[in-house]
Ligand code: DGY
């Protein structure tokens, strides 16, 4: 099949497990939170009913306190570790116990805005809006209890950028001992050179053990976690989603809800501004345990552009940083600074290009008055997918596809690129 859009649609259909889409057969056999948000946007280009179902099925996993978990285990599979028995949560359907970047309100707004069946869209959105609001309230209550304006990430899996070099220094504090037996499945499916290391996994699972022991109580998790980060990616995605929620609240919410959402937006804007890092010429993460900035440039550091609310001069400097990176790789956007010693072009979030991140960065570059650089990022994204196929991620030095094949969110982004 040569038409890339037809191929992308076929992948989304093949990865459909009954109203929800697995990111990739076998490697990720359940429903993942931010994957499904991008998938819903991709589905909306050709099947809006199915796009709504993707969102509704993800919300089946929402907890009473508002958390929308990273994974919903709709059906059993032994292909993935850690499975539901490791998480030990009590929700039905079973879920993990941590969040992922909250793209969902942005996706819901897009599905709503592009819907052609307006009555159906109105009814479905009216049911979804309160769940999105409860989720954004959860982020502030659970992850910014001191109202700093920045939400904290307690596990690298929450950022979606699991083994980013930005987490190395903070993760070094996390012990490698686990009470759960680590039975990795990912390296049965994928070349281990493309995945996080054994030691990373031991630390990932140590954190899961620690939160399970805390009874999945948000306040206890926040207090006991040995890993606590302010991530520019998560915070920017949340700020964008809050703006989309505000737009939805004009139609589906109350003046009081608009007011509270506007207040969260103001807090996030001010918080993200404090993540600017002169040494990196980019926004970077902050270690919230010792309060220090993390001087490693990553693609997450470009996501404040996607909030459409970043400072103009800093936005120019961030775009210049990306232009410098372009001199060191063949394809944008590497997930880590290609001049940094930690850069590894094939190892998951330590260098490879990810289509979803490119899509958000290109959107931000357009907003920042950088249309040529935005077009460059979009053209690279389409060229990578059309040449190598819709892989999970790509080597920025030679364009080789890596990780899982026929990957749902990569297919979704191909559809959004048109
Ligand atoms: C994994 O298992 O690799 C995922 O990134 C966790 O969400």
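No value in this document is a laboratory result; all are computed from the given coordinates. The model shown is predicted, which means the values in this text are computed figures rather than measured ones. Heads up, the Cβs are rebuilt from the backbone with ideal geometry, glycines too, and the neighbour counts pull from every protein chain shown.
Observations on the structure shown:
- Nitroxide proxy distance, nm - points 7 Å out along Cα→Cβ at residue 47 and residue 202: 4.4
- Computed over the chain, the per-residue total of -39500 (n - 2.57) for DSSP H runs of n ≥ 4 gives a 222 nm mean residue ellipticity of -15500 deg cm²/dmol, rounded to 500.
- Base-10 log of normalised Debye intensity for the stretch 116-175 (one unit scatterer per alpha-carbon) at q = 0.12, 0.16, 0.24 Å⁻¹: -0.51, -0.72, -0.98
- Shape descriptor for the stretch 27-176: Rg over Rh equals 0.99 (Cα atoms; Rh from the Kirkwood inverse mean 1/r).
- Taking the Cα atoms of the stretch 265-385, the ratio Rg/Rh between the radius of gyration and the Kirkwood radius comes to 0.95.
- Note: the stretch 1-40, Cα convex hull, 74 Å³ per residue.
- Full extension of the chain between residue 386 and residue 78 gives 107.7 nm of extra length, using 0.36 nm per residue less the Cα-Cα distance.
- Across the stretch 1-100, the fraction of Cα-Cα pairs farther apart than 16 Å, rounded to a whole number, is 54%.
- Virtual paramagnetic centre 7 Å along Cα→Cβ of residue 400, amide N under 18 Å, in the stretch 342-382: 343-354
- Inter-label distance for residue 250 and residue 64, nm, one decimal - labels placed 7 Å from Cα along Cα-to-Cβ: 3.6
- Likely footprinting exposure, 56, 242, fewest C-beta neighbours within 10 Å first: 56, 242
- The chain - Kirkwood radius from inverse mean 1/r over Cα pairs (Å): 21.2
- Subtracting the Cα-Cα distance of residue 177 and residue 191 from 0.36 nm times their residue separation leaves 2.6 nm of extension gain.
- Mean-square fluctuations from a GNM of the chain, with a 10 angstrom spring cutoff on Cα atoms, peak among 117, 366, 186 at 117.
- A quarter of the convex hull surface defined by the alpha-carbon atoms of the stretch 99-225 gives 10.6 nm² as the mean projection.
- Ranked packing of 40-48, 249-257, most packed first, by mean Cβ within 10 Å: 40-48, 249-257
- log₁₀ of I(q)/I(0) at q = 0.12, 0.23 Å⁻¹ - the stretch 201-292, Debye sum with one point per alpha carbon: -0.56, -1.07
- Estimated FRET transfer efficiency when R0 is 45 angstrom, pair residue 279-residue 120 (beta carbons, to 0.05): 0.35
- Within the stretch 297-328: backbone nitrogen closer than 20 Å to the residue 339 label point (7 Å, Cα to C-beta): 297-303, 314-328
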